[in-house]
Amino acid sequence: MGQCLEHLNIVGGHYLPTINRKLKQAQERGTRPSDTVKSGFFGRKLIDAMRQPASEKPLKSPQQYAPSGSRLPRTVVEVFGRQLDELINIVQQARGINANAVRIPNPIIPLLYLRLTDQLEFIVTHLQRHVAQAERVLDNNQK
């Protein structure tokens, strides 16, 4: 379970600072919220792939996101909690801008940019997938 959280922390460490920076730039430009949420082609494909249950479609994490397993579990949980708070703050702030127009670069594939709307949905879906994985580990340990 600690490795699931550590993996999520690593992913959050890659994405959240960039999202915060792009969000601030959009706020400074004074963009107005859009009435509709739009999804891009690649964003939708990534989100749909992430929505597949891990038992049906296991996905290999890129090496950059692999947990080391060397951190103390308490530290991992603390970082995870802070990143969740940061994500909630980002979502609240994104409501005040045109999140369809903000593009977030992918740290692994630099030429791939996702709309902020897609990136946030991807992060939440990714969290859900790994929380379900952690719950399965806990359930198996209790049997």
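Things to note:
- Across Leu59, Leu127, Leu84, mean-square fluctuation computed from a Gaussian network of the chain (C-alpha pairs under 10 Å connected) peaks at Leu59.
- Unit charges at the beta carbon, dipole of the chain: most positive-side option, Leu127, Gln93, Gln142: Gln93
- Residue-wise HN-Hα coupling along the stretch 80-97, computed from phi with Karplus coefficients 6.51, -1.76, 1.60 (Hz; x: Gly, Pro): 4, x, 5, 5, 4, 4, 5, 5, 4, 4, 4, 4, 5, 5, 5, 5, x, 10
- Convex hull volume per residue in cubic angstrom - Cα atoms of the chain: 118
- Label zone (Val137, point 7 Å along Cα-to-C-beta; backbone nitrogen cut-off 16 Å) within the stretch 1-24: 1-12.
- Here's how it looks for Leu114: its modeled amide H is under 5 Å from those of Ile104, Asn106, which are all 5 or more places away or on a different chain.
- Each of Glu56, Glu121, Glu6, Glu135 was scored by other Cβ atoms within 10 Å of its Cβ. Arranged with the fewest first, they read Glu56, Glu135, Glu121, Glu6.
- The chain: calculated mean residue ellipticity at 222 nm from DSSP helix runs of at least 4, using -39500 (n - 2.57): -21500 deg cm²/dmol
- The stretch 2-142, relative contact order in percent, only Cα pairs under 8 angstrom and at least six apart counted: 44
Throughout, read-outs are computed from the coordinates displayed, never taken from laboratory work. These numbers were taken from a predicted model, which means no experiment stands behind them. Note: ideal-geometry Cβ built from the backbone for every residue, glycine included; neighbour counts use all protein chains shown.
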